[in-house]
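Each reported figure results from applying straightforward, stated rules to the coordinates on display, with no laboratory input. Small disclaimer: the values here were computed from a predicted structure and weren't measured. Neighbour counts are summed over all protein chains in view; Cβ atoms, including those assigned to glycine, are modelled from backbone coordinates with ideal geometry.
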Amino acid sequence: MNLKGLEALRAFMEGGSVNAAAERLRRTQPQVSRLLAALEDEIRFPLFTRKNRRLVPTQQAREFYAHVEHALYTLDEAMYAAERVRDRQRRHVRILTAPHVTDALLADAIAVMTQEDSGFTASIDSRSRLDIEIWLGREQFDLGITVLPLDSDVIDVEPMVAVRAVAVMRHDHPLAQKDRVHVSDLVDMPLVANAPRTVVRQHIDAAFRKIGRQPTIRLETPNGQVACELAGRGLGVAIADGFVARSSLKPAMVIRPFEPPIELRYVFIFPKWQPRTPSVNRLASLIREAARRQGGADVSAEDT
C-alpha cells in the first residue's frame, strides 16, 4: 500500500480538507487529490462523498483510518527510534526505575539535563522493584535505579544513597503526637502494609518477630505510594521508604522517624554489555545529588 497515500489520508482527516492536508504535507492541492484518488483505487472502496462542494469522509473511510492512524503512529515511533539510535551516543538515555523514583528523584535531574542540552531525550520505564529484578536480562535500558538486595550477573551495580524508612499517618492519628514511632507502638495498631515480598515488609516482619508479636495488617499493597496515600486518609499507619513517603506527602499526612532503623540502599544499575555515555554519567550524577537533597546518605561500594 502506498505510504504517501496513507499520509495524505491522515493529513486530510486531521486537517479536515484537501487544502489543510496540502499545507501539512507541503504539497499542492492537486497532488494531494491525486494521492487520495490513487489510494481509493488501491483499496477499492470510496473514501469520500461530496457535500456542498466539500469532501466528507465515508463511514468506511473512518473505519479504515482507525487502522491507518495506528499503523502510521507505529511507523513514526520506529522512525523516532532510529533517530535515537543514531544519536544515542550523546543524548538519549533509557531509564528503568520504580514509579516513585520518578517523582522523588528523576524529575529534577531530567529538568537540569534538558536545560543543559536542548537535544537531550529520555524514555522512562517504571516498574516495581520485583519486576525490575525479573526483567533485568530482557529490558533495553541505559540506567536503572533500584533498592538492594539484587542478584544479577548481567548488570554492574554502583551505590547511590541510603534512606531510612519512616512511619506515615494522618495528622490526627494518636501516634502523630510522638517525635518518633517504635515498632512496639504499632502492636495491635492497624497497618497499611507493603506486600510480603517487598524489602520494607520483610524488615517490618523481622522487627515484629524480634519483640515476639505479629503486625495487624488492615490493608496490603505492593505499591508504597498507595500505602502512604491510604495511611494519609486515616486507614492505618504505613511504614514506608523515606523517598516514597516524601514524594507522596499530602497536607493531612505526617511523617515520623521509625525505630528500629530500617535502611534502604539505593543503587544505580548499568547493563554490562554496553558502555556508559556522557549523558548517562551526567544524569546519574544529577540523580545522586537529588537523592542527597531528599535526605539520602552516601554509601560506599563496600557497604553494598
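Report, in degrees rounded to the nearest 10, the 0 to 90 angle that the Cα long axis of helix 278-293 makes with the longest principal axis of the chain. Helix 278-293 and the main axis of the chain meet at about 40 degrees. Rounded to 0.05, the FRET efficiency of the Asp205 and Leu249 pair, given R0 = 25 Å and the Cβ-Cβ distance, is 0.45.
Couplings 3J(HN,Hα) of segment 167-177, computed from phi: 9, 10, 7, 6, 4, 9, 5, x, 6, 5, 7 Hz, in residue order, whole Hz [Karplus 6.51 cos²θ - 1.76 cosθ + 1.60, θ = phi - 60°; x for Gly and Pro]. Protection proxy ranking of 221-230, 279-288, by the mean of other Cβ atoms within 10 Å over each peptide's residues and highest first, is 221-230, 279-288. Sequentially through segment 228-239, phi angles give Karplus couplings (6.51, -1.76, 1.60; θ = phi - 60°) of 5, 5, 5, 5, x, 8, x, 8, x, 9, 10, 9 Hz, Gly and Pro residues having no value and appearing as x.
Starting from the Kirkwood radius over alpha-carbon pairs of segment 6-52, derive D by Stokes-Einstein at 4 °C in a medium of 1.567 mPa s and give it in µm² s⁻¹. Answer from the Stokes-Einstein relation: 122 µm²/s.
Here the Kirkwood formula, the inverse mean of 1/r across different C-alpha pairs, assigns segment 3-87 a hydrodynamic radius of 13.5 Å. Once the Cα-Cα distance is subtracted from the 0.36 nm per residue extended length, the Met189 to Ser126 segment shows a gain of 19.5 nm. Measuring max minus min along each principal axis, the C-alpha atoms of segment 214-260 give extents of 29, 23, 18 Å (largest first).
Rounding to the nearest 10 and keeping the result within 0 to 90°, find how far the Cα-based axis of helix 107-116 lies from the longest principal axis of the chain. It works out to around 50 degrees.
Rounded to two decimals, the Cα radius of gyration of segment 178-243 over 2.2 N^0.38 Å is 1.01. Each listed q (0.14, 0.19, 0.24 Å⁻¹) maps to a log10 I(q)/I(0) for segment 206-304 from the Debye sum over equal C-alpha point scatterers, namely -0.74, -1.08, -1.34. Cα extents for the chain along the principal axes, largest to smallest and rounded to whole angstrom: 81, 43, 32. With both residues required to sit in segment 91-304, DSSP beta bridges show an antiparallel share near 60%.
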